[in-house]
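The values are calculated or read from the model by the stated rules, or taken from the named source; none is laboratory data. In this text the structure is predicted, and so the values were computed from the model without any measurement. So basically every Cβ, Gly included, is an ideal-geometry build from the backbone, and we count neighbours across all protein chains shown. Please note that ligands, DNA and RNA were not included when accessible areas were found on the heavy atoms of the full protein model with its side chains. Shrake-Rupley method; radii C 1.70, N 1.55, O 1.52, S 1.80 Å.
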Amino acid sequence: MGEVLVIGGGIAGIQAALDLADMGIQVHLVERLPSIGGRMAQLDKTFPTNDCSTCILSPKMNDCARHPNITLHTYAEVTGLEGEVGDFSATILKHPRYVDETKCTGCGECAQKCPARVPDTFDMGMRRRRAIYLYFSQAVPQVMTIDPDHCIYLRRSKCGACVLACQREAIDFEQKARTVCVNVGAVVVATGYDFFDPRGLAQFGYERCPNVITALEYERLVSASGPTEGHLLRISDGRPAKRIGFIQCVGSRDVRHQRFCSAVCCMHSSKQAVLAAEHDAGVESYVFYTDFRASGKGFREYVARAEREYGVHYVRSRVARITEDGNHNPSIHYEDAETSRPARMTVDLAVLATSLIPRPTTAALAQVLGIEMDPYGFVRTEPFSPVDTTRPGIFAAGCCRGPADIPESVMQASAAAARAARFVGRGNR
Amino acid sequence: MSEGPRIGVFICHCGSNIAGHVDVEAVEAYARTLPGVVFVQRNLYTCSDAGLSEIKRAIAEEGLERVVVAACTPRTHEPLFQEACREAGLNPYLFEFVNIRDQCSWVHMQEPEAATEKAKDLVRMGVVKARLLEPLEEQEVEVEPAALVVGGGMIGMTAALNLAERGFAVRLVERGPRLGGLLLRLDKLYPTHEDARALVAKRVAEVEAHDRIEVFTSSVVSEIKGFVGNYEVKITSNRQPATGNQHSLRVGAIIVATGARVFKPEGLYGYDGQRVITQFELEERFRTGGFDAERVVMIQCVGARIPERPYCSRICCTTAIKNALQIRERQPHAQVYILYRDTETQGTRYEAYYTRAREAGIQFIRYSLRHPPEVTDERVVVYDELLGARLGIPYDLVVLSTPLVACEDARELAQMLKVPVDEHGFFLEAHVKLRPLDFATDGIYVAGTARWPAHLEETITQAYGAAARAATILSKDRITSSGVVARVDEALCRGCSRCVEVCEFGAPSLIETAPGMKVARVNPVMCKGCGACAAACPTGAMTAMHFTDEQVTAMVRAALGH
Ligand SMILES: Cc1cc2nc3c(=O)[nH]c(=O)nc-3n(C[C@H](O)[C@H](O)[C@H](O)COP(=O)(O)OP(=O)(O)OC[C@H]3O[C@@H](n4cnc5c(N)ncnc54)[C@H](O)[C@@H]3O)c2cc1C
Ligand SMILES: Cc1cc2nc3c(=O)[nH]c(=O)nc-3n(C[C@H](O)[C@H](O)[C@H](O)COP(=O)(O)OP(=O)(O)OC[C@H]3O[C@@H](n4cnc5c(N)ncnc54)[C@H](O)[C@@H]3O)c2cc1C
Ligand code: SF4
Ligand code: SF4
Ligand code: SF4
């Protein structure tokens, strides 16, 4: 009693954990990946004020790590939940990092010596990391993790270069998965979203054309900590992108894929076009959209500025397909809604605003927790009890309950904290 | 220069993060030459238990009076080192952080020599500042475990209930004669089509039954003084005839939930309240049984997304869809057209709702500002952007979808609370993304349409969210201020009030020390130590402690090699 379990360490989980902890409640924050931070850590700058995502997120991550009322369980999952509201008992499975968290300082000496190369998932596979890695440079905790699928020692009992490199003797190949049981009064689910794989929509040429990328890949591309160190270059040939087409609703508002609207892409594409212009004032950006949705606080003003000050072009249209020319320049074929005529535009880079979809792993977690999903596969909530799931004492916040931007996710997180706190008493009063 | 405090310098390798690019031994040797430095040590990781023990040991054994750590970044590690100082009996404000990782080894990775020279410069600057550091005290104040909620609509009530259920006392102030707000005057609610008044009546009953909530209807807040944890509030009755009733209360936190108002489209599209009405008036007709029309044309964005009012009001597209569906339910053969610019039906639920409307046969016609619709006596003439043709639609009733606009008196309340509103008059939060429900002033929060137009789903979320934020203050018995705050030299202060004007957090205020004599006082609990006041003060009376002119000038001189 008196404790809360928060599952998922994105911005929603982080905010819920901090609010609960600041109310004097003990929190167990469980994150599946080696570091908390979630998708927001992968973003470059964020609408509607364009502040740097990591710069505003990183202090919150550190607050979580330092807070006396928060226990971080990273690289871990929730595998069981018994009991009922006010008195749940949860099982947390901690995967072995093969690195001693209490000794490792994240200095990275080991990674420099590690011979195994692995596509970096944080950088959307556009760069390679080692088998022993820090999830990203501001990771919390600042602890290395060994990827068991690629570590040469773990697969063939040879190598051990990291053991020699580590001056703090932190590498521990004997580590085993272990389980921890915690007693909590309430649970907050904040497992976030995945992105729709555009290979399911062959007409957009994601697989065929190297210069057709997803919006999340674009975020890494313009980020100073990304694969090109923030230079707006095409990964395929290193040439600068001078004309960019942003294709909206890829997989969204589509009866064959996601019927829903992904709620953030009209704004994130506007932001991405603004960032392109900030990198290089000569870049031309075109946003191909059907309905433009921007009703959040300050959003219309942001879009007006994108158009007026950064020269972003908004083209109301329906994109039929993307082909490419001999130089791998994507050609966007679309029907212009103003003229109702087919048209075509060649760009250096085409960026697909793919839908924000439920994480497949959340369905499995929902089974463990005994909560229902909605028809789209998000955690089910009702409009007027917006953060309550179908099981008493279990709440949901952020994109696991449907697409939402950061402000909405943060407000939902605080709301879930308030609802959860209600079931763990007030401690001293 | 052997007099002056005894300074110890700790230089961190950070594994190879720093030592790989900065010649830490050279920096160590250099630090030994600096005046006042009596102890220098390099550590593989100063932040490790071993490193921290070394700091504590040196304070005790070497009699250190100032500690300088040259390492990664104060952002993550300053509290750790300050705590070590405190544990060893040294005032934590006698600690100085020098950032030689982010500012040297990381940014100058390719130029190790320059990085090393810069590290030396920064260490020299840190040491001169350390000599001038002063011990600072932190202050504690008690927290009144009660909240004030201003506005008794659905959102104010929801926030109040959550706090009351958690054991806090709540005072709920409603300007009108009864609780409920806007929902009292709506018909059904999208997307579920449940009855608005039934939903709100349930909440009113819960609030009225709760013994920790004290409700003041027909009342307004007339005065607010104090600061986080300790606000003093006066509530005045506005009942007519005036009763002069007044209550004084103490609360620890305040939630603003004063809602918004529906824009009245005087002079637009022939608005007459008879054949051309607003969505709000349409719902009134539904409620009172006064609705009767077969051919209805709805026009979106009336008074919104125009140069004078550029924002989108978020709720009017869904409201139009709701009322269109209601019309079809009442009169299955009715024709309903919605003339829109963009359909604002984001996310899962509202996009599904839009689909439902199209499937029900509601006609959506897109217009643009270049050819706005015209309302004549018999028809609405519109240029259909998708068809590329002008249409004339005969009507019995035209319904205008108008935005939510800020309450006229929101500014007045904002001034009383010393919090900002945006250019449209909506309350302006501390940070759009990460502090969407907070004001910069601690202990004051906002929820509902007072913040921005939003669906009830979202405003209820905000109600709980604001309650959580307020509870982070109310759950504490006392709050501690930082030692890094502004301090006034009352002898120099002329009471010009510049500091009061520039401070974002309301920390300085003028007090009368003698008749006609005013001086500034800084409330340390509200002060964030940002120094804006110190920069604005024309007489130099205001000092940002820990960043005094003397300290900063010494650092600048040291940087220039003086
Ligand atoms: C290209 C793009 C650009 C964007 N730009 C902006 C912007 O500029 N401004 C803005 O406001 N919003 C933006 N967004 C939206 C923003 O990314 C989301 O609002 C936000 O990241 C949602 O946070 P979350 O915590 O709900 O989810 P996530 O960030 O997905 O975090 C969920 C966390 O839970 C963990 N997790 C998942 N499953 C489990 C499990 N079973 N057990 C334990 N942990 C688990 C995940 O590893 C992850 O760390 C953008 C989105 C995209 C796609
Ligand atoms: C026509 C219309 C239809 C809508 N339909 C729907 C719908 O179907 N579904 C949906 O999800 N959302 C709908 N909404 C949105 C929904 O109404 C709002 O989200 C919700 O009402 C916001 O509640 P609130 O408590 O913030 O504001 P309000 O309901 O406006 O309450 C604010 C309260 O504060 C009081 N007050 C104001 N100033 C002061 C002061 N200075 N001192 C003391 N008290 C004060 C007011 O008297 C009022 O009682 C609709 C909105 C409109 C305009
Ligand atoms: S043992 Fe594994 S992690 Fe360590 S260096 Fe070798 S491959 Fe890399
Ligand atoms: S937010 Fe915009 S781009 Fe994204 S799915 Fe919705 S309408 Fe399409
Ligand atoms: S919600 Fe719809 S009607 Fe209202 S301002 Fe926005 S686009 Fe216009």
Answer yes or no: is there a residue in the stretch B:374-389 that is in a strand (DSSP E or B), open to solvent by 10 Å² or more (accessible area, probe 1.4 Å), more than 29 Å from A:P342 (Cβ to Cβ) and within 16 Å of ligand 5 (Cβ to nearest atom).
no
Inter-residue pairs, beta-carbon under 6 Å, first closer than 15 Å to B:L186 by Cβ and near ligand 2 (Cβ under 8 Å from one of its atoms) and in the stretch B:312-332, second in a helix (DSSP H, G or I) and hydroxyl-bearing (S, T, Y), 6+ apart
B:T318/B:Y350
Run A:R243 past the list (1) more than 16 Å from ligand 4 (Cβ to nearest atom); (2) in contact with a strand residue (DSSP E or B) (Cβ under 6 Å, 6 or more places away or on another chain); (3) within 14 Å of chain B (Cβ to nearest Cβ) and report the number of the one that doesn't hold.
(3)
Those residues of the stretch B:64-77 that are farther than 16 Å from B:L122 by Cα and modelled with pLDDT under 95 come to a total of 3
In the stretch B:323-335, is there at least one residue being under 23 Å from A:E338 (Cα atoms) and over 29 Å from the mean Cα position of the chain (by Cα)?
no
Hey, among the residues in the stretch B:404-443 that are under 28 Å from A:R401 (Cβ atoms) and more than 10 Å from chain A (Cβ to nearest Cβ), which one's most open to solvent (accessible area, probe 1.4 Å)?
B:A430
As an exercise: evaluate A:L164 against (1) assigned to a helix (DSSP H, G or I); (2) among the hydrophobic types (A, V, I, L, M, F, W, C); (3) surrounded by 15 or more Cβ atoms within 10 Å (Cβ to Cβ) and give the number of the one condition it does not meet.
(3)
So, A:T179, is that one under 30 Å from A:R419 (Cβ atoms) and more than 20 Å from the chain's Cα centre (by Cα) or not?
yes
Inspect all residues belonging to the stretch B:341-348 and state whether any of them is in contact (Cβ under 8 Å) with a residue 40 or more places away in the chain and closer than 21 Å to B:I306 by Cα.
yes
Given the conditions (1) open to solvent by 20 Å² or more (accessible area, probe 1.4 Å); (2) away from chain B (no Cβ under 14 Å); (3) without any contact (Cβ under 8 Å) to a residue 40 or more places away in the chain, every one holds for A:S331 apart from (1)
Here are some conditions: (1) more than 10 Å from ligand 5 (Cβ to nearest atom); (2) in contact (Cβ under 8 Å) with a residue 12 or more places away in the chain. B:A304 meets all but one. Which one does it not meet?
(1)
Set B:D102, B:D49: member being surrounded by fewer than 20 Cβ atoms within 10 Å (Cβ to Cβ), within 37 Å of the chain's Cα centre (by Cα) and acidic (D, E):
B:D102
Quick check on the stretch A:184-192. Is at least one of its residues away from ligand 5 (no atom under 16 Å from the Cβ), modelled with pLDDT of 95 or more and more than 23 Å from A:A364 (Cβ to Cβ)?
yes
Could you please find all residues in the stretch B:311-343 being open to solvent by 20 Å² or more (accessible area, probe 1.4 Å), among the charged types (D, E, K, R) and more than 21 Å from B:A450 (Cβ to Cβ)?
B:R328, B:E329, B:R330, B:R341
Give the stretch A:406-425 a look and list any residue that's under 11 Å from A:A186 (Cβ atoms), more than 7 Å from chain B (Cβ to nearest Cβ) and open to solvent by less than 10 Å² (accessible area, probe 1.4 Å), or say none.
A:A416, A:A420
Of the residues A:C107, A:C114, A:C64, only one is within 12 Å of another protein chain (Cβ to nearest Cβ) and over 21 Å from A:L5 (Cα atoms); which?
A:C107
Of everything in the stretch B:445-484, what is more than 8 Å from chain A (Cβ to nearest Cβ) and among the charged types (D, E, K, R)? Give them in sequence order.
B:R478
Of (1) over 15 Å from A:I7 (Cα atoms); (2) more than 9 Å from chain B (Cβ to nearest Cβ), A:G393 fails just (1)
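Yes/no matrix, rows are residues, columns are (1) basic (K, R); (2) modelled with pLDDT of 95 or more; (3) within 16 Å of ligand 1 (Cβ to nearest atom):
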position: A:G326; (1), (2), (3): no, no, no
position: A:P330; (1), (2), (3): no, yes, no
position: A:H333; (1), (2), (3): no, yes, no
position: A:D336; (1), (2), (3): no, no, no
position: A:R341; (1), (2), (3): yes, no, no
position: A:V351; (1), (2), (3): no, yes, yes
position: A:L356; (1), (2), (3): no, yes, yes
position: A:L365; (1), (2), (3): no, yes, yes
Enumerate the pairs (first residue in the stretch B:107-136 and of a type in the set (S, T, N, Q); second residue anywhere and assigned to a helix (DSSP H, G or I) and open to solvent by less than 40 Å² (accessible area, probe 1.4 Å)) with beta-carbon separation below 8 Å, excluding pairs fewer than 6 apart on the same chain, so at least 6 apart or on different chains.
B:T116/B:A26; B:T116/B:V27; B:T116/B:C104
Select from the stretch A:262-301 the residues that are open to solvent by 10 Å² or more (accessible area, probe 1.4 Å), in a helix (DSSP H, G or I) and touching a Gly at 6+ places or on another chain (Cβ under 8 Å) and list them in ascending order.
A:A277, A:H279
Please go through the stretch B:87-123 and pick out each residue that is at pLDDT 95 or above and among the basic types (K, R).
B:K118, B:K120
Of the candidates A:C261, A:C265, the one satisfying the condition of being touching a Lys or Arg at 6+ places or on another chain (Cβ under 6 Å) and within 14 Å of another protein chain (Cβ to nearest Cβ) is A:C261
Condition check for A:T191: away from every other protein chain (no Cβ under 14 Å), part of a loop (DSSP other than H, G, I, E, B), within 16 Å of ligand 1 (Cβ to nearest atom) and among the hydroxyl-bearing types (S, T, Y):
yes
Candidate set from the stretch B:137-177 (those that are more than 13 Å from chain A (Cβ to nearest Cβ) and out of contact with any strand residue (DSSP E or B) (no Cβ under 9 Å at 6 or more places or on another chain)); member that is surrounded by the fewest Cβ atoms within 10 Å (Cβ to Cβ)
B:P177
